[in-house]
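A quick write-up on the structure given underneath.
The values are calculated or read from the model by the stated rules, or taken from the named source; none is laboratory data. Remember, it's a predicted structure, so these values are computed and weren't measured experimentally. Positions of Cβ are backbone-derived with ideal geometry, glycine not excepted, and every protein chain shown enters the neighbour counts.
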Amino acid sequence: MNKLEIQTTVGQMVVERPQRSRVFDRLHIDYCCGGRRTLEEACARRGLDLKEVLAKLEAFDAEAEAQPDAVRPADLTMTELADDIERTHHAYLREELPRLGGLVKKVSAVHGQAHPWLTGLPSVYAALVAELEPHMLKEEQILFPMIRELDQATTAPSFHCGSVGTPIRVMEMEHQNAGDALDRIREMTTDYEIPEDACNSFRAMLSGLEHLAADLHLHIHKENEILFPKASEMEARLRS
């Protein structure tokens, strides 16, 4: 087992062992949009004790040694990873976003008077959806085809936008916007805490929002920390 270093970025830690994302999710350490922060920086940002976080990660790694990770996203080709993101994360969002949106509207209408924070939730959720839906289309119709072309190329392709880095920068900016919305939802729900008077719909909404956040964190991590750097490096190599 490799020794954990506090100057390693949290994104790289998840690249090395994807299941570490579970530890970071529990501690609300951002390993997707904030994945380029070192572990030390990420802990300081969250006000967490660095030694305690290291101990949790080391204990998790020791337990995981007996149960090796499945295929790591970092070991996939760019084409395979783009396919995985579409098949796994985009498909999940297209099914889950409308279902969860219905729950948000229903719960806020019924319980908004007793829980005033609910009245602002539909607008924050709607903004998140408005960011994600066109974002997925741009990836599927523009960026991912460019990345698949790079994956098969022997010479540098000529792209209409000049470089794969142009759409990547746009996608990363939109990832940050989505991450900010997720942070706002987590704050509004007080870390998805279930009120004592919560009905089943209320509970389902909070559970769904928590799962949505975890899936989006992993989704964005795969792109920001693995797929996009691979594409940029491949283009630079082909042009050199």
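The residues on offer are 212, 218, 227, and the sole one that is under 28 Å from residue 102 (Cβ atoms), in contact with a Leu (Cβ under 8 Å, 6 or more places away or on another chain) and in the same structural domain as residue 126 (by TED's automatic domain parsing) is 212.
Taking the stretch 16-42 as the range and being farther than 19 Å from residue 176 by Cα and touching an Asp or Glu at 6+ places or on another chain (Cβ under 7 Å) as the test, the residues that pass are 17, 18, 19.
Please tell me if residue 41 is within 21 Å of residue 172 (Cα to Cα) and modelled with pLDDT of 90 or more. Lay out the reasoning, then the answer.
Working: within 21 Å of residue 172 (Cα to Cα): yes; modelled with pLDDT of 90 or more: yes.
The answer is yes for residue 41.
Looking at the stretch 25-49 only, could you name the residues that are without any contact (Cβ under 8 Å) to a residue 60 or more places away in the chain and not basic (Lys, Arg)? 27, 29, 38, 39, 40, 41, 42, 43, 44, 47, 48, 49 - these are the residues of the stretch 25-49 that are without any contact (Cβ under 8 Å) to a residue 60 or more places away in the chain and not basic (Lys, Arg). Please work out which residue is surrounded by the fewest Cβ atoms within 10 Å (Cβ to Cβ), limiting yourself to the stretch 162-197 and to residues that are in contact (Cβ under 8 Å) with a residue 12 or more places away in the chain and more than 26 Å from the chain's Cα centre (by Cα). Among those residues, the one meeting the criterion is 197.
Residue by residue through the stretch 29-60, note down the ones that are part of a loop (DSSP other than H, G, I, E, B) and either surrounded by 13 or more Cβ atoms within 10 Å (Cβ to Cβ) or of a type in the set (Asp, Glu) (or both). Across the stretch 29-60, the qualifying residues are 29, 30, 31, 32, 33, 34, 35, 36, 37, 48, 49. Does the stretch 220-228 contain at least one residue that is over 22 Å from residue 170 (Cα atoms) and touching a helix residue (DSSP H, G or I) at 6+ places or on another chain (Cβ under 8 Å)? Scanning the stretch 220-228, I find no residue that is over 22 Å from residue 170 (Cα atoms) and touching a helix residue (DSSP H, G or I) at 6+ places or on another chain (Cβ under 8 Å), so the answer is no. What about residue 213, is it within 30 Å of residue 164 (Cα to Cα) and either without any contact (Cβ under 8 Å) to a residue 40 or more places away in the chain or touching a Lys or Arg at 6+ places or on another chain (Cβ under 8 Å) (or both)? Taking the combined requirement at face value, the residue satisfies it.
Among the residues of the stretch 182-224, those identified as out of contact with any Cys (no Cβ under 7 Å at 6 or more places or on another chain) and closer than 30 Å to residue 148 by Cα are 182, 211, 212, 213, 214, 215, 216, 218, 219, 222, 223.
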